[in-house]
Amino acid sequence: MVTPERLAVLFKTYHTPLVRFLTRRLGDRDEAEEIAQETFVRALKQETIASERSWLFAVASNLVRDDARRAARERKRHDLIRVREEAESAVEPEPTTMEREEDRVLARQAIEMLGERDREALLMREEGLGYEEIAEALDLSLASVGTTLSRARRRLMEAYESLQQEHSAKRA
Amino acid sequence: MTDEPMDAAEHPDEGLIHAWLDDALSAAEAQRLAAHVRTCAACQARVAEARGLIAGASRIVAALDDVAPGTRPGWAQSAVSQGGAAGTGGPSSIGADPARGGSLWRLLRVTPGRAALAATILVAIGITLTYERTAVDSAPSAAKVAVNPRQSDVPATTSPEGAAGDASKPRDALLDSAVARNLAMAQGQRSVQAATGPAVPVAPPPSTTLQAPAGAAGEAVALGRAADEARRESAPVIADRAPARRDVTGATASVMPESQVGTGVTAPQAAPAASAERQRAEGAAMMAKTSANAVGKSCLLIESADADARWADQPFPLVLAIDPGTADAPRDAAVLTPAGEVTSLRAQWAPRSGDSVLVRLRRIGYSGSIVLGPFAGTRSGTAISSNVASLEETVTTAYGTQARGRADAGRAESRRAAPAAAAPAAAPPAAGPPVRQLRVTARSIGCPQP
């Protein structure tokens, strides 16, 4: 079993990037922290963990997949409430902050348009996981990781640009 | 070989180019590819495109972390600058603008969705408690509540007892006696709380056509039937078309139009039998449908065998008092001592797949949860909690000092020995209890009375 001391090291090393990965994946910080917490709880039950970072990210991805439907409902509700909040906001946002919020919304929509495997591979890479770790976490061959990432990046860019054009056309 | 240009068949594919740019190739492969790119204009263009895709994708992913200020209500703006390490224990706050720190929403762990849900549940609880109070309050006070909850002067309180009736308003004696009879019937079917008000008149024996339902859902059904009886009994003074309102437990109660309260208005003496029977059938069908998925308030005793076991800053054992609601939806819960005293913790009970349960801790400054496995007489699981602002420091200390209840005695012994050596060397924990991860068991109990 993973010792408490070892878990403490894992927690200290990987909690922040794991939460960030999950936040980007889910769009919900609270949900991300819960899943990260559950991931570390599960780590306690392991006899040994050979490749710790890839194991943690793999388990976290599996938990996200298991909770995908519930997470989607939460995101939808948050979006609706956030829209209402913004309409009732007492603070007039500055033009630059509005652009950043639009960027974030477009980024969220674009990343959701990726296939699940492509999305997870890309987010893991952005968290600094190596090709070997990504291959192990997502059960891919090492040779296919580069292809997966290239496809994910291209599709993400295309999706984002397409959404940006639609958004600009609506505002025009 | 590396100096010779590749022919068309040896041009690297896009995946290989990305792997090269991600520094994922071996030295030999990277050198060969670099040499080819130097001499191949087409591949140079592809490499440039790949660099753009990598940079662009990184920027888009980074935008997911960026929540612009000014998009939240004005009252939350003051909390925006309260610090960025909301839950991560590190300087890089996730999901927040580093320039302005974390938001009050995230610090409180209260998302807008959960706040709306909590408000809805609180309103429903208030309505439920209002109806519950009719079963234990004194007759005059309860009669007032039962007749028109919306006009009730009874202050909102979490305790079913101790309703402060207002005796200054005029009473309808016939209505009071009818409601009192039905309160007595409901009291006879329930054993949860004892009445604290004046004695009520002796009640007639319960109707043989109504069987006493069991369990928490049964309480709700009993309340609904009691309300139904009250409505029928007081038909002479209440219009026979009083609207029915259903609370979250599935109980059905009637809401009196305010104009008819205490006015002594006499409705037609002979309400059509068919109409009354139809209403009764509809009410029974509605109660049966809603009570199937509705659950009443329930309590769990959560215990841990670990010494000095705590959840946030509260020692085990703890009682989780889960609010009424639907069985498959999250419900708010109060955290009590075994003696029934309310602690500073709140929680949310959320059913998960496979009959497992996630209990989320809600307490400003703390983060935690309890994960419980499927029910098999009892539930077992793991409780974890931490002080939000000092996760990194306290994890190291906590796991060096925390005793774990493990089956492996040898590992337990070594762990007990380790803290004695680790504790002095560990950095002093920040304010609040360290991160704790405990094995716990949970079993259903009757809710304690304070």
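Assess whether A:V2 counts as being touching a Leu at 6+ places or on another chain (Cβ under 7 Å), surrounded by fewer than 22 Cβ atoms within 10 Å (Cβ to Cβ) and more than 7 Å from chain B (Cβ to nearest Cβ). Criteria met by A:V2.
If we keep just the residues of the stretch B:319-372 that are touching a helix residue (DSSP H, G or I) at 6+ places or on another chain (Cβ under 8 Å) and surrounded by fewer than 17 Cβ atoms within 10 Å (Cβ to Cβ), which is nearest to A:L63 (Cα to Cα)? So, considering only residues that are touching a helix residue (DSSP H, G or I) at 6+ places or on another chain (Cβ under 8 Å) and surrounded by fewer than 17 Cβ atoms within 10 Å (Cβ to Cβ), the one nearest to A:L63 (Cα to Cα) is B:S353. Close contacts from the stretch A:1-30, counting a first residue that is on the phi > 0 side of the Ramachandran plot and a second that is of a type in the set (K, R) and at pLDDT 90 or above, with Cβ to Cβ under 8 Å and a gap of 6+ residues or different chains, come to A:G27/A:R108.
For the stretch A:106-125, a tally of residues being surrounded by fewer than 20 Cβ atoms within 10 Å (Cβ to Cβ) and within 9 Å of chain B (Cβ to nearest Cβ) returns 1.
The values are calculated or read from the model by the stated rules, or taken from the named source; none is laboratory data. Model, not experiment: these values are computed from the prediction. Heads up, the Cβs are rebuilt from the backbone with ideal geometry, glycines too, and the neighbour counts pull from every protein chain shown.
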